[in-house]
Amino acid sequence: MRRRRAAALAITSLFAVAAIAGCGSSSSSKAASSSASPAADTYTSVTATGTFGKAPTVKIPAATGSGALYTKTVIQGTGATLTTAQSLLGDFVMYDWSGKTHKLIGSTYTNGTPTLFAGSLLPGLSKALIGQKVGSRVLAVIPPADAFGTTGNSEIGVGAKDTVIFVIDMLKTFGNTVGVPGKQTSNGGGTLPTVIAGAAGKSPTITIPKTAAPKTLEVKDLIKGTGAKVTKGQFIVVQYTGMNWRTKKVFDSSWSRSEPWGTPIGEGQVISGWDKGLVGQTVGSRVLLVIPPADGYGKTGQSSAGIKATDDLVFVIDIISAS
């Protein structure tokens, strides 16, 4: 609800298990090498080379993809270990392997903007990444049952029988209930909503006044972070709660899903109120945004979230990271 649909985010939004159907279980990489005959198992022939942080060179055989889930730590990192209670900031390339041909679906290396692996990931991705260390480069060759299941994913061109291949550079981890440190120096109030900080790992409580909403974008620092300034084109990781001024109801919240959320900022990939209000803020800040319709969902609104074309929006956003 907090963003416009954007092509650059379409692939990353499909990492989650919610986007797939008909998934089953599969073996690990060790099982793949022992349970399938060498002639039939082409997954283990996939290789990835190159330097961490640079686009990898991926070699995929000119053969039909077959085998069980195959994962390999191409570069061993020495950082913190990723757990199920965390999300991962990473760079990636993704290939679709269909029959004896393959194609590149997406890459974060082309624009220098990483992405956030959060929520219930594709089963194969979860198996490949959990337990790995920050600083690692991980190769995952994922059969349909551990990827997009029997339906495939037409939105990104993955067929029902297609294998997907990821190479992921693990940059940084975030706790799924992480918020910004420090006490609020302001609760807002007056003609603005009042924001009361919640317990650790919980959303703040927002109370909207009975008065009319401001007619222009309002930006209020509730906690002033001590990190670097957010600049246009960076990828930010945030926690947020969004409320409709008219209904006084929450329509979206990363806190309720127990996972942070990430997006490029300042480039039109989110509503303009976010772009205008967050660029120039500092990492570690909690920011109150009151967004008029022109800087929100405009003349069309967002019916799926109960947002009309005339609705003003309220967001409280914790800026966890910018990279």
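With a Förster radius of 56 Å, plug the Cβ-Cβ distance of LYS103 and THR191 into 1/(1 + (r/R0)^6) and report the FRET value to the nearest 0.05.
According to the calculation, E is roughly 0.55.
Hey, can you rank 70-78, 226-234 by average C-beta count inside 10 Å, highest first?
Per-residue mean Cβ counts within 10 Å order the peptides as 70-78, 226-234.
Once phi is turned into θ = phi - 60°, what whole-Hz ³J(HN,Hα) does the Karplus curve with 6.51, -1.76 and 1.60 give for every residue of segment 127-138, x standing for Gly and Pro?
Karplus-based 3J(HN,Hα) across segment 127-138 equals 5, 6, 9, 4, x, 7, 9, 4, x, 8, 10, 10 Hz.
Could you pull out which residues in segment 101-140 have an amide N less than 18 Å from a spot 7 Å beyond the Cα of THR49, following the Cα-Cβ vector?
Counting backbone N atoms under 18 Å from the label point, the list is 137-140.
Provide the per-residue ³J(HN,Hα) series for segment 276-286, in order, calculated from phi with Karplus coefficients 6.51, -1.76, 1.60 and θ = phi - 60°, each as a whole number of Hz, with x at glycine and proline positions.
Karplus values, whole Hz, x for Gly and Pro: 6, x, 9, 5, x, 6, 9, 4, x, 8, 10.
How many times 2.2 N^0.38 Å is the alpha carbon radius of gyration of the chain?
Scaled against compact globular proteins, the figure is 1.08.
Using the beta-carbon distance between ALA63 and ALA199 and R0 = 51 Å, what value does 1/(1 + (r/R0)^6) give for FRET efficiency, to the nearest 0.05?
0.40
Alpha carbon centre of segment 209-277 versus segment 100-122: separation in Å?
25
Counting only protein heavy atoms, what percent of the accessible surface of the chain is carbon or sulfur at a 1.4 Å probe?
So the carbon and sulfur contribution to the accessible surface is 54 percent.
Which residue fluctuates most in the GNM of the chain (Cα springs below 10 Å): SER256, SER87, SER136?
The residue with the greatest mean-square fluctuation here is SER256.
Residue separation times 0.36 nm, minus the C-alpha to C-alpha distance between VAL219 and THR231: what's the value?
Taking VAL219 through THR231 to full extension adds about 2.7 nm, to one decimal.
The values are calculated or read from the model by the stated rules, or taken from the named source; none is laboratory data. Predicted model, so just to flag it, every value in this text is computed and none were measured. For neighbour counting, all protein chains shown are included, and Cβ atoms are generated from backbone atoms with ideal geometry for every residue, glycine included. We work out accessible area using only protein heavy atoms, side chains counted, and drop any ligands, DNA or RNA first. Shrake-Rupley method; radii C 1.70, N 1.55, O 1.52, S 1.80 Å.
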